[in-house]
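Have a look at the structure below before the remarks.
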Amino acid sequence: MTSIIRRYVRLVDWLSEKAGLVAMALIAVMIGVLLLDAITRNVIRMPLHWCVEFAQFTLAAYYFMGGAMTLKNEDHVRMDLLYDRLSERGKAGMDLVTMFCLLFYLVVLLLGSVSSLEYAIATGERRFSIWNPSMIPIKALMTACIALMILQTVSLAVKYWAKLRGTSFA
């Protein structure tokens, strides 16, 4: 593998790892906000209308930001019906085919998210609720995270290609 490809893989892996670590921290934020909601609603009898909605946005950010790290660590769900019976090179070939299917799906998802983000920016889209938050930040984050998942998918495909050829990527 050329040094440019190696640097690309290392950079994308690093970005995915950092996004995943931020996603992990979001769980603590979400727990804190939901705890605040429970206390203000049940103890002080002063409900905060934004808490549950903020927790929903935080959860959405969590699973989008965690997607690239899940791919990087190969923690995604895999159907092991035939996969376990394959050789290491056979597994790499199967994973490579799967990565191309995933790449197609993510590109379609990215096109939809870009369109949705453009609409949100053009119309100043807001969520219809008491809190009335802007949808632009969560849609921008969604688009960026889908793009990172695409980059991570390409990184994985490079690793599987190297394994298929019988070379080590490290």
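With neighbours defined as other Cβ atoms within 10 Å of a residue's Cβ, the residues Thr2, Thr70, Thr123 order from fewest to most as Thr2, Thr123, Thr70.
If we count every other residue with Cβ under 15 angstrom of Pro133's Cβ, Lys/Arg +1 and Asp/Glu -1, where does the sum land? That works out to +1.
Looking at the stretch 34-122, which GluC sites (Glu not before Pro) are in a loop (DSSP not H, G, I, E or B) and have at most 14 other Cβ atoms within 10 Å? Each step should come with its number before you reach the end.
On the way: sites: Glu53, Glu74, Glu88, Glu118; in loops: Glu74.
Answer by residue number: Glu74.
Inter-part distance, the stretch 150-170 to the stretch 10-63, computed on C-alpha centroids, equals 34 Å. The string of couplings for the stretch 15-29 from the Karplus curve (6.51, -1.76, 1.60, θ = phi - 60°) is 4, 5, 5, 5, 4, x, 5, 5, 4, 4, 5, 5, 4, 5, 4 Hz, one whole number per residue in order, with x for Gly and Pro.
Once backbone amide H atoms are built at 1.01 Å from N, Arg126 has Met135 as its partners under 5 Å, excluding neighbours fewer than 5 places away on the same chain.
With charges set only on the Cβ (+1 for Lys and Arg, -1 for Asp and Glu), what does the dipole of the chain come to about its Cα centre, in debye to the nearest 20? List each step's numbers first, then the result.
Numbers: 17 positive and 12 negative charges, 69 e Å.
In debye, rounded to 20, the chain gives about 340.
Checking the cross-link pairs Lys72/Lys163; Lys18/Lys163; Lys139/Lys159 against a 27 Å limit on the alpha carbon distance flags Lys139/Lys159 as lying beyond it. Sparsely packed loop sites in the stretch 124-170 (the trypsin sites (Lys or Arg not before Pro) outside DSSP H, G, I, E and B with at most 14 other Cβ atoms within 10 Å) comprise Arg127, Arg165.
Here, each number is a calculation from the coordinates, and none is a lab measurement. Predicted model, so just to flag it, every value in this text is computed and none were measured. Cβ atoms come from the backbone with ideal geometry, glycine included; neighbour counts cover every protein chain shown.
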